[in-house]
Ligand SMILES: [Fe+2]
Ligand SMILES: [Fe+2]
């Protein structure tokens, strides 16, 4: 078997050190998602919209399971989502829901990581176990926060969540090293996303900002492990830059399979400030510097070529980022198609398919 992209066995002790450090840091900031929920609103009368306590008395002849079923169905009928009374702005809600639909990929992500790391070094498999136990709280916290604060349509969200989990997620990564590079980018991108959304929603909902910052702390530790594991490999063998470049160039977030992903990201970039500009300045730029891609000394011609490609990719992203920043400042008027796409998406998100608009051949905007 080719050793290219495989874990360098000489780095076993280094990886063990990184894992030990991770466990120490994680233990210092150990937390439970319950601490970040507004539980005071559920004490007493259970006033959360759309939820009723399960009756303890009632039809004595009805089996307990049927009572539960009847109650659930009753709450479903009562729950009529009204976007006008939703506490969060539509854009912030969309960003949090998008984060949730990314976090729910965890079972598939664990499968991917486990499959690429197993057979390499036990310390990497151990890390995946620890990582999974930490990630496990993330979707719980986001989902429960949205539920308790009466944000979004619970049933629509459930449908979306089920659809995403059922759809699964595959990165196509083949080797442990590609996986380390991919997860370095993904963890950093997730961390930046949470921090930027937290900043954007601070005034609107400080408790939500706190939730997002808490999640970002976990992502920071995950990022640090993978980033340093990759760095250790590049130091031992700079020719691995070829693999770093190919993984960087093909990078896509785990959430890309969710419905309307592209549209979601466009709206988030415009309103919640996480888009190509932030991806470049806060993710790619940081990793290019940390891994010192520019000054690596690969000896294989293919690796030197890849190094050049990575630097060109970096420059290209920089130009895209600058353009996006300029467009934001000039507040570009969206095209009619962009406005209609956003309008139709809002309507669909609100569970109200009637009211969709389209552009007729004569240029009129018509109801569909
Ligand atoms: Fe996460
Ligand atoms: Fe993470």
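Each value in this text was obtained by applying a stated rule to the coordinates, not by laboratory testing. Quick caveat, the model's predicted, so the values are computed rather than measured. No Cβ is skipped: glycine too gets one built from the backbone with ideal geometry, and neighbour counts run over all protein chains shown.
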Sequence ranges 258-264, 224-230, ranked by mean other-Cβ count within 10 angstrom, highest first
224-230, 258-264
Rounded to two decimals, the Debye log10 I(q)/I(0) of region 150-283 (Cα scatterers, no solvent) at q = 0.20 Å⁻¹ is -1.34
Segments 111-119, 278-286 sorted - mean Cβ within 10 Å per residue, highest first
278-286, 111-119
Taking every pair of alpha-carbon atoms in region 218-368, what share in percent sits in each 10 Å bin, from 0 to the bin with the longest distance?
9, 29, 27, 19, 11, 5, 0
For an R0 of 35 angstrom, estimate the FRET efficiency from the Cβ-Cβ distance between residue 136 and residue 4 and round to the nearest 0.05.
0.60
Taking 0.36 nm per residue of separation and subtracting the Cα-Cα distance, what length does fully extending residue 21 through residue 273 add?
87.5 nm
For a protection proxy built on the mean count of beta-carbon atoms within 10 angstrom, sort 7-15, 94-102 highest first, please.
94-102, 7-15
Evaluate E = 1/(1 + (r/R0)^6) for residue 362 and residue 263, where r is the Cβ-Cβ distance and R0 equals 22 Å; express this FRET efficiency to the nearest 0.05.
0.30
Report the full-extension gain for the segment residue 207 to residue 308: residue separation times 0.36 nm, less the Cα-Cα distance, to one decimal in nm.
31.9 nm
Using 15 Å as the cut-off for backbone N distance, which residues of region 280-307 belong to the label zone defined by a point 7 Å from the Cα of residue 327 along Cα→Cβ?
280
